[in-house]
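Asker: Quick one: the structure is below, questions incoming.
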Amino acid sequence: MAGEMWQLQKTLLGKAIMEGNPKLVKRLISKGEDVFMMDRKGNTYVHYVCTMYRPYVINILLAAGVPINVQNKFGNTALHVTALHSECCNVPDLMQCGINPYIENKDGKTAANLASNNPRWLDLHAKYEPTLRVAIENHDFETINYLFGCWCAVHLPIDIQGNHDMRQYAAGLTYHDIVAMIDKIRFTLMAVYSIKECNHKRLKYALSRGRAICNVNFLQQVRGGHCHHMLQHAIRLKDYKMVHMLLEAGADVNIPVHIQEYIMGPLYFEVMRKDGDIDMKLINLVFAKDIDLKARDERGRSALVYCIDRRDEEVTIEIINMLLEKGINVAMRDNTGCTARDVALFARRHDIVAAIDQQIVDKIRSSDFSSLHQLAMENYRDIFINYLGRDTWIFAAGNDTDDIRDYLKEILDYWKIVESLHQHIISGDKDEVCKILKTYPDRDMLLRSRDKGGRGPLLLAVLFNRYEIASHIHNMDNTLAAEELDNKEYGMKREVHCMNKFHPEGHPLVIGYRDLLHSAVNHHKEDMAIILVRCKLNCSIRQKYKTSDGDRWMTAEERAEYLGLHKLAKYIVVNGVHAEMS
């Protein structure tokens, strides 16, 4: 058992650990607090911190020289303690720092044996197996590269005596190729762990080696886990000096990473994350870089929407004004079709609504035709507002000329024509579509119009299977297809790739790939499956399925029979193309 550790808990260092203050822990160690202290059961401070989740504290303790593989009098390591206390969050830190998960306690059990009823613990543990040390022993380059991508440390001692690190261990085995691999990555990992250990000098030294040697944008990519950037850790520690150093070294603030551990979005969203306090100094530091205001998270939210969509009205109007001044597009919609103004209304943030409306008023008063033109094409209906007791028309009437007022009338007419165009595309009336496109003076504006889902005429025609209309629109402007595909999704452009969907059994071309016909059968979409059969898809392709009798390779017809779709199975047999793959 790990038991209570009241002796460690009562010390100044123990109290700082309980408080979860990594900088205070580091300060106490530098002032001479005994970091190697053990209680009556042989527990170290590393055992103690593993009874709770205190991010970065464990890294500071290990950097101070506390051995990671120490066993208490029951034979339990810190990893055993995480299993006994069900503290899953410490497992990745321990595995990255080189703990030996195969050590048995006095009952002959490893940490994994103790956590046999905790699937989350076992899942996290499995992601870092077989550990970097074992991979080096096995001369397994693929696993070593994967574990480097998991940010497994190479600088920490791997034995209790503190004599050898991973590089020295590989050199002792005369694996000089692995030593060269470690030399290539060690300054990048030095930068990562310098941040986690709050060590400014080591970070400065690592970054001084240059971008070719220290890759400041090296992402942590754990199998089936999160994707993180070292700058995120500096932001979470609220260490302005380290944030500044990383930004100066070329950290990409727009790179897609996991925010809040589960939402994929551009890195600069980290300074606005929901479970953190708003820190204007951090925001100013990060926003001073060239942030991509068109970037979205995986829910389609822009920086403005993400910022508003916070709990307890935490976001200040200062941040909103900063984003608006930078020129963020207020017409951008998330995946639900809501604009920033809609979200602000739902959140009852009328101060934010007023700030957005003020920007529209400024565009009207300054006769900013290009901005209004873009908002109109993106179907932003909140151009027409009531602000401070006046509507849009009154603000337009205050201008020296009637140009803006006339243009607002044109926008209303344009929206009516766009609605008509989109409706005729959906209904498949090609003649009316051609007539509208031919008679409207600004055809380009119609072709680039959007509905509230962000879909243009070409995409609507494709979605509703109007091939002739889609061909006609594409022939009018062949750049539209590229523009539709260029819509950014959480910082990354969608791209079209040609690939061979026929692949050898057991060797998928893309992870998670499944044949279209098989997908239709699996989801009981019989009408869609029939369409695919008519399109002459190969019905002989076999795919692997888990059944009560074990794994089986089935064709679409066999899968349909297995799922009880007997009519569909018969249709596939009679009408399908059965071209056996060699």
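What follows draws every value from the coordinates through simple rules; no lab data is involved. On a predicted model such as this, the values are computed, not experimentally measured, just so you know. All Cβ positions, glycine included, derive from the backbone under ideal geometry; neighbour counts span all protein chains shown.
Asker: Return a whole-number percent for the relative contact order of the chain, with Cα pairs under 8 Å and 6 or more residues apart as the contact set.
Answerer: Dividing the mean separation by the residue count of the chain yields 6 percent.
Asker: Please give the helix 403-427 orientation as an angle from the longest Cα principal axis of the chain, in degrees from 0 to 90, rounded to the nearest 10.
Answerer: The angle comes out at about 80 degrees.
Asker: Once you place label points 7 Å from the Cα toward the Cβ at K204 and T439, how far apart are they in nm?
Answerer: With each label point 7 Å from Cα toward Cβ, the separation is 7.3 nm.
Asker: Compute the length gained on full extension between E325 and L122: take 0.36 nm times their separation in residues and subtract their Cα-Cα distance, giving the result in nm to one decimal.
Answerer: Result for the pair: 68.3 nm of gain on full extension.
Asker: Here is a follow-up. At K430 and H474, where each label point lies 7 Å from the Cα along Cα→Cβ, what is the point-to-point distance in nanometres?
Answerer: About 1.4 nm separates the two model spin labels.
Asker: Might you report the magnitude of the Cβ-based charge dipole of the range 517-582 about its Cα centre, with Lys and Arg at +1 and Asp and Glu at -1, to the nearest 20 debye?
Answerer: For the range 517-582, the charge dipole is close to 140 debye.
Asker: Work out how much length Q358 to E248 would gain on full extension: take 0.36 nm times their residue separation and subtract the Cα-Cα distance, in nm to one decimal.
Answerer: 36.1 nm is the gain from fully extending Q358 to E248.
Asker: Suppose R0 equals 51 Å. What FRET efficiency, 1/(1 + (r/R0)^6) with r the Cβ-Cβ distance, do F384 and E19 give to the nearest 0.05?
Answerer: In this case the efficiency is close to 0.45.
Asker: So if each residue of separation counts as 0.36 nm, and I subtract the Cα-Cα distance between L12 and C535, what length gain in nm does that give?
Answerer: The span from L12 to C535 would gain 181.0 nm if fully extended.
Asker: Oh, and also: When ranked by the protection proxy of mean other Cβ atoms within 10 Å per residue, highest first, what sequence do the peptides 555-565, 54-64, 541-551 form?
Answerer: Highest to lowest by the protection proxy: 54-64, 555-565, 541-551.
Asker: Under 16 Å from a label point 7 Å along Cα→Cβ of L563: give me every residue in the range 515-538 with its amide N that close.
Answerer: 515-534
Asker: With a cut-off of 8 Å between alpha carbons and a minimum separation of six or more residues, what is the relative contact order of the range 249-335 in percent?
Answerer: That works out to 25 percent.
Asker: Right, another one. What does the charge count around I58 come to, taking other residues whose C-beta lies under 15 Å from its C-beta (Lys +1, Arg +1, Asp -1, Glu -1)?
Answerer: +1
Asker: Further question: Return the calculated 222 nm mean residue ellipticity for the chain, to the nearest 500 deg cm²/dmol, obtained by summing -39500 (n - 2.57) across DSSP H runs with n ≥ 4 and dividing by the residue count.
Answerer: Roughly -13500 deg cm²/dmol at 222 nm, from the helical runs in the chain.
Asker: Right, next: Count the lysine pairs in the range 151-298 whose Cα atoms lie under 16 Å apart, taking only pairs 8 or more positions apart in sequence or on different chains.
Answerer: 10
Asker: Counting only DSSP beta bridges with both residues in the chain, what percent are antiparallel, rounded to the nearest 5?
Answerer: 95
Asker: For the charge dipole of the chain, defined by +1 on Lys and Arg C-beta atoms and -1 on Asp and Glu C-beta atoms about the Cα centroid, which residue among M190, S449, I29 has the Cα displaced farthest towards the positive pole?
Answerer: I29
Asker: Rank by packing, highest mean first: peptides 118-129, 75-86, with packing defined as the count of other Cβ atoms within 10 Å averaged across residues.
Answerer: 75-86, 118-129
Asker: Based on the Cβ-Cβ distance from S420 to N399, what FRET efficiency comes out when R0 is 35 Å, to the nearest 0.05?
Answerer: Given R0 = 35 Å and the Cβ-Cβ separation, E is 0.70.
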